[in-house]
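Here is the structure we will look at, set down as structure tokens.
Just so you know, all these numbers are worked out from the coordinates, no wet-lab data involved. Just so we're clear, the structure is a prediction, and the values are computed from it rather than from any experiment. All Cβ positions, glycine included, derive from the backbone under ideal geometry; neighbour counts span all protein chains shown.
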Amino acid sequence: MVGYSFIREKSDLLYLHKVISEISDKEPSIIIKIETPEAVINLPELLLEGMKSEVFGVMIARGDLAVEIGFERMGEIQEEILWICEAAHTPVIWATQVLETMNKSGMATRSEITDAVKAGQAECVMINKGLHTIEVIETLKDIHQRTSEHRSKKRFIFRPLKIAKKFIDETSQTHIH
């Protein structure tokens, strides 16, 4: 498995495939980490290229991404990433610091519990190792079992996705000319 950090555009993914093919005849599973504004803007193009691989997924690297795009935009952007990956049938890893305080001290904060609920919309939740890792896993399991009865992951009310706007505009212009 290869985790690709700080990917920005399709050419980065093409380069990765080229390098891997030079050293191996096996294609690894690829996880691209979305942690820059460029990766967010280019996500539709990255997904189309990535889905050519047999095993492919997306990690929302929320800590780095929040620093890059601004913490006030994080909720909106992570939601859009979840939407577009769901539409593309691409699994998502919800990453960084889920139940972090609980993992260190044994007690979660209210905001961490809310974050853990939201993490249930992804296919995978990444947690850090800590003194209370088993309790964190048990808590996540309990939260996700309880909240999954109240929602269906695939039932969103879609509004126009800003992530895909640039891609759609470029694609439609290409077909017009």
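What the table below lists for this structure:
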quantity: Alpha-carbon Rg with Dmax, taken over the chain, Å; calculated: 17.4, 60
quantity: Residue pairs, from the table 33/118; 10/129; 129/165; 52/129; 104/141; 52/166, whose Cα atoms sit over 27 Å apart; calculated: 10/129; 129/165; 52/129
quantity: Where a label projected 7 Å from the Cα of residue 166 along Cα→Cβ would reach, residues of region 37-52 with amide N under 18 Å; calculated: 37-50
quantity: Taking the chain and dividing mean pair separation by its residue count, relative contact order in percent (alpha carbons under 8 Å, at least six apart); calculated: 19
quantity: Sorted by Cβ neighbour density within 10 Å, fewest at the top, the residues 105, 172; calculated: 172, 105
quantity: Backbone HN-Hα couplings from phi across region 123-139 [Karplus 6.51/-1.76/1.60, Hz, Gly and Pro as x]; calculated: 7, 8, 10, 8, 10, 7, 6, x, 5, 10, 4, 4, 5, 4, 4, 5, 5
quantity: Fewest-first ranking of 35, 79, using other Cβ atoms within 10 Å as the exposure measure; calculated: 79, 35
quantity: Pairwise label distance in nanometres, residue 5 with residue 141, each label 7 Å out on the Cα-Cβ vector; calculated: 3.1
quantity: Label point distance in nm, residue 148-residue 18, each placed 7 Å from Cα along Cα→Cβ; calculated: 4.2
quantity: Per-residue [θ]222 nm for the chain (sum of -39500 (n - 2.57) over DSSP H runs n ≥ 4, rounded to 500); calculated: -16500 deg cm²/dmol
quantity: Those residues of region 90-116 whose amide nitrogen sits under 17 Å from the label point placed on residue 129, 7 Å along Cα→Cβ; calculated: 96-98, 100, 103-105
quantity: Where only C-alpha atoms are counted, convex hull volume of region 105-148 per residue in Å³; calculated: 70
